[in-house]
Amino acid sequence: TPGAFFHFGPRVVPGTVQEKIFSSLVPRCEKCQGLVKPDIVFFGENLPPRFFTLVEQDFGQVDLLLIMGTSLQVQPFASLVG
């Protein structure tokens, strides 16, 4: 989902997060008050286990692969292109 946010579990409605950010508030989970982050992988974070489980299967089925935000010098993305 474009603009998706999550809190280690259920997705959060993006509009509510945007409202808080534009109001200079820190978005938090309504249930546990934990921090909410975008559904992306930040530098230094581990990729989700699903990436490693499905990389070979998915890679063989794509017609076009866009890899953004990397120099292709670091793993695992450096090994994806030949």
Legend entry - Qualifying positions in the range 50-78 - of a type in the set (Gly, Ala, Ser) and on the phi < 0 side of the Ramachandran plot: GLY60, SER71, ALA78
Inset, instruction - With the condition kept exactly as written, say whether any residue in the range 11-25 is assigned to a strand (DSSP E or B), among the β-branched types (Val, Ile, Thr) and at pLDDT below 80. - result: yes
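Being polar (S, T, N, Q) and loosely packed, with under 10 Cβ neighbours inside 10 Å is the filter here; which residues of the range 34-54 pass it?
Step one: of the range 34-54, the residues polar (S, T, N, Q) are 46, 53.
Within the range 34-54, just ASN46 meets the criteria.
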Legend entry - Enumeration of residues in the range 40-70 that are more than 18 Å from the chain's Cα centre (by Cα) and part of a loop (DSSP other than H, G, I, E, B): GLY60, GLN61, VAL62, ASP63, LEU64
Legend entry - Scan of the range 36-66 for residues that are under 30 Å from GLU19 (Cα atoms) and of a type in the set (Val, Ile, Thr), ordered by number: VAL36, ILE40, VAL41
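The values are calculated or read from the model by the stated rules, or taken from the named source; none is laboratory data. These numbers come from a predicted model, not from an experiment. Positions of Cβ are backbone-derived with ideal geometry, glycine not excepted, and every protein chain shown enters the neighbour counts.
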